[in-house]
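Enquirer: Okay, here's the structure, questions in a sec.
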Amino acid sequence: MTSSSYIIAWIIYLLAASGISFIVWNLSRQWRIELKYISRISLLVLLFTPYFSDPEQNRLAPAILISLFELVFGDKQMGLESATPLVLIWAVSAAIALLYILTRRSAK
């Protein structure tokens, strides 16, 4: 893959992921606050967390795609390694969201 096609692929992916995020963001407005924040965080982490697809060339790809592809068709260890950032980022984001929800409730 040439450098220009790599950049174009990322631009297309980011536009599509942003469109999906915008739709889910608007659909979740009426949900309960806990469900709203956790679902939004989960979606954003799944769509926007990158991981190295080819460490020798420093190429990144969405971590969820690498994890699924490697777990199903390839090296299970690589699949678990690429899922680690997803889990860690999601846990930190969920903890921050829960702290925000708790402080918002206690302030009322």
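Each reported figure results from applying straightforward, stated rules to the coordinates on display, with no laboratory input. On a predicted model such as this, the values are computed, not experimentally measured, just so you know. Virtual Cβ from ideal backbone geometry, glycine too; neighbours counted across all protein chains shown.
Enquirer: Is it true that some residue in the stretch 46-53 is in contact with a Gly (Cβ under 8 Å, 6 or more places away or on another chain) and part of a helix (DSSP H, G or I)?
Expert: No, the stretch 46-53 contains no residue that is in contact with a Gly (Cβ under 8 Å, 6 or more places away or on another chain) and part of a helix (DSSP H, G or I).
Enquirer: Another question, then. Quick check on the stretch 64-93: of everything there that is buried (at least 17 other Cβ atoms within 10 Å of the Cβ) and of a type in the set (Val, Ile, Thr), which residue is farthest from the chain's Cα centre (by Cα)?
Expert: Filtering first and then ranking leaves 66.
Enquirer: Sticking with this structure for a sec: Being part of a helix (DSSP H, G or I) and in contact with a Pro (Cβ under 9 Å, 6 or more places away or on another chain) is true for just one of 37, 13. Which residue is that?
Expert: Criteria check complete, one pass: 13.
Enquirer: Taking the stretch 47-63 as the search range and keeping residues that are among the aliphatic types (A, V, I, L, M) and crowded, with 18+ Cβ neighbours inside 10 Å, which one is farthest from the chain's Cα centre (by Cα)?
Expert: Among residues in the stretch 47-63 that are among the aliphatic types (A, V, I, L, M) and crowded, with 18+ Cβ neighbours inside 10 Å, the one farthest from the chain's Cα centre (by Cα) is 61.
Enquirer: Taking the stretch 13-35, which residues are polar (S, T, N, Q) and under 14 Å from the mean Cα position of the chain (by Cα)?
Expert: Our first condition is that a residue be polar (S, T, N, Q); within the stretch 13-35, this holds for 18, 21, 26, 28, 30.
Those that are polar (S, T, N, Q) and under 14 Å from the mean Cα position of the chain (by Cα): 18, 21.
Enquirer: Using beta carbons and a limit of 7 Å, which pairs, at least six apart or on different chains, have the first residue in the stretch 17-46 and over 24 Å from residue 65 (Cα atoms) and the second one of a type in the set (Lys, Arg) and surrounded by 16 or more Cβ atoms within 10 Å (Cβ to Cβ)?
Expert: Close Cβ pairs (under 7 Å, with a partner that is of a type in the set (Lys, Arg) and surrounded by 16 or more Cβ atoms within 10 Å (Cβ to Cβ)) amount to 28/36; 28/40.
Enquirer: Just one of 31, 10 is of a type outside the set (S, T, N, Q) and out of contact with any Ser or Thr (no Cβ under 8 Å at 6 or more places or on another chain); which is it?
Expert: Exactly one of 31, 10 is of a type outside the set (S, T, N, Q) and out of contact with any Ser or Thr (no Cβ under 8 Å at 6 or more places or on another chain), namely 10.
Enquirer: Looking only at residues in the stretch 1-16 that are surrounded by 10 or more Cβ atoms within 10 Å (Cβ to Cβ) and hydroxyl-bearing (Ser, Thr, Tyr), which one is nearest to residue 67 (Cα to Cα)?
Expert: Here the residue is 13.
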